[in-house]
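To keep things clear, I will list the structure first and then write my remarks on it.
The values are calculated or read from the model by the stated rules, or taken from the named source; none is laboratory data. Remember, it's a predicted structure, so these values are computed and weren't measured experimentally. Virtual Cβ from ideal backbone geometry, glycine too; neighbours counted across all protein chains shown. Quick note on the areas: whole protein, heavy atoms, side chains included, nothing else; ligands and nucleic acids left out. Shrake-Rupley method; radii C 1.70, N 1.55, O 1.52, S 1.80 Å.
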Amino acid sequence: MLAMASVPGGDRRTRVHVVSDVHGNARDLARAGEGADALVCLGDLVLFLDYADHSRGIFPDLFGTENADRIVELRTARRFEEARAFGARLWAGLDEDRAAAIEKAVRRQYAELFAAFPTPTYATYGNVDMPRLWREYARPGTTVLDGERVEIGGWTFGFVGGGLRTPMRTPYEITDEEYAAKIEAVGEVDVLCTHIPPEVPELVYDTVARRFERGSRALLDAIRRTRPRYALFGHVHQPLVRRMRIGATECVNVGHFAAGGRPWALEW
């Protein structure tokens with residue numbers, strides 16, 4: 001599906017600001033569109049647990065910083081089964097139902113974050129987001145896209161949200177086949193916008209977490225086949241390489257917005 005944006009093209013230059021991995025940073029998000037014709041958001045609005053500051057996020061709000069320290073330690077060591085067992089014991093001791101407690105906290109964050117989006121904003125989901133809530137909080141001026149296209153300033157932007165299945169079991173992880181179908185639905189575009197990167201070692205390795213995150217082979221194949229001008233993504237907070245060229249396409253990790261607070265700018 002191709003939607004028409006209100007951003008003008010023609011002789012006038014167009015500037016788009018792009019953010020990803022917002023993780024609760026509503027203060028900087030409110031300023032992210034300044035000086036731009038549009039804002040593009042590549043997902044991960046929710047802050048469940050801040051790996052740099054274990055006192056921030058839904059998990060420490062519910063269980064305290066000490067328990068957050070422990071679960072980060074287990075996950076960083078890739079002891080995922082122990083981390084799940086530890087988390088299960090904590091959730092079992094909570095008076096409130098787990099799903100209800102998480103949704104309540106996510107709703108509080110979404111109310112603040114969606115209110116911070118400028119007009120117009122074009123957004124897709126990250127792997128930690130809850131897609132079923134987005135259309136409830138998206139105001140006029142915010143367009144949610146997943147497996148869809150939109151025209152901005154004469155260029156066609158394609159959006160594919162979510163992440164692939166991992167041992168972390170974050171909320172919006174889908175199968176490789178489902179993800180590839182969304183990539184296929186987008187087709188040929190000028191700018192391909194995704195939450196996760198293409199499956200290239202330099203783009204998927206996180207130098208601080210010291211692990212390879214999941215990238216998409218289908219996305220890499222589409223970049224090689226359809227040759228967009230740009231492929232923009234986030235997900236890996238501290239990548240080995242932030243940008244590289246794949247054939248005719250400039251591939252860019254737009255940055256960890258929660259930490260940096262500054263959007264990446266695209267102008268044409």
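Laid out as a table, the results:
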item: From Arg217, Arg242, Arg227, Arg210, residue being closer than 16 Å to Gly187 by Cα, out of contact with any Gly (no Cβ under 7 Å at 6 or more places or on another chain), open to solvent by 40 Å² or more (accessible area, probe 1.4 Å) and charged (D, E, K, R); result: Arg217
item: Pick from region 42-88, criterion aliphatic (A, V, I, L, M) and in a loop (DSSP other than H, G, I, E, B), ranking: surrounded by the fewest Cβ atoms within 10 Å (Cβ to Cβ); result: Ala77
item: Test: Leu49 is within 30 Å of Ala265 (Cα to Cα), out of contact with any Asp or Glu (no Cβ under 7 Å at 6 or more places or on another chain) and modelled with pLDDT under 95; result: yes
item: Conditions (1) in a loop (DSSP other than H, G, I, E, B); (2) open to solvent by 20 Å² or more (accessible area, probe 1.4 Å): number failed by Ile196; result: (2)
item: Subset of region 8-22 [in a loop (DSSP other than H, G, I, E, B) and open to solvent by 20 Å² or more (accessible area, probe 1.4 Å)]; result: Pro8, Gly9, Gly10, Asp11, Arg12, Arg13
item: Pair list, Cβ < 9 Å and 6+ apart or interchain, from region 168-184 residues that are under 24 Å from Ala99 (Cα atoms) and at pLDDT 95 or above to residues that are hydroxyl-bearing (Ser, Thr, Tyr) and surrounded by 15 or more Cβ atoms within 10 Å (Cβ to Cβ); result: Tyr172/Tyr125
item: Subset tally (residues that are touching a residue at least 12 places away in the same chain (Cβ under 8 Å) and among the basic types (Lys, Arg)) for region 135-156; result: 2
item: Selected residue (only one of Arg98, Arg139, Arg149 is farther than 24 Å from Ala265 by Cα and either under 22 Å from the mean Cα position of the chain (by Cα) or open to solvent by 40 Å² or more (accessible area, probe 1.4 Å) (or both)); result: Arg98
item: Output for region 117-157, where each listed residue is out of contact with any strand residue (DSSP E or B) (no Cβ under 9 Å at 6 or more places or on another chain) and either in a strand (DSSP E or B) or within 22 Å of Glu188 (Cα to Cα) (or both); result: Gly154
item: Selection from region 101-136 of residues that are open to solvent by 60 Å² or more (accessible area, probe 1.4 Å), more than 20 Å from Asp61 (Cβ to Cβ) and of a type outside the set (Ser, Thr, Tyr); result: Arg132, Arg135, Glu136
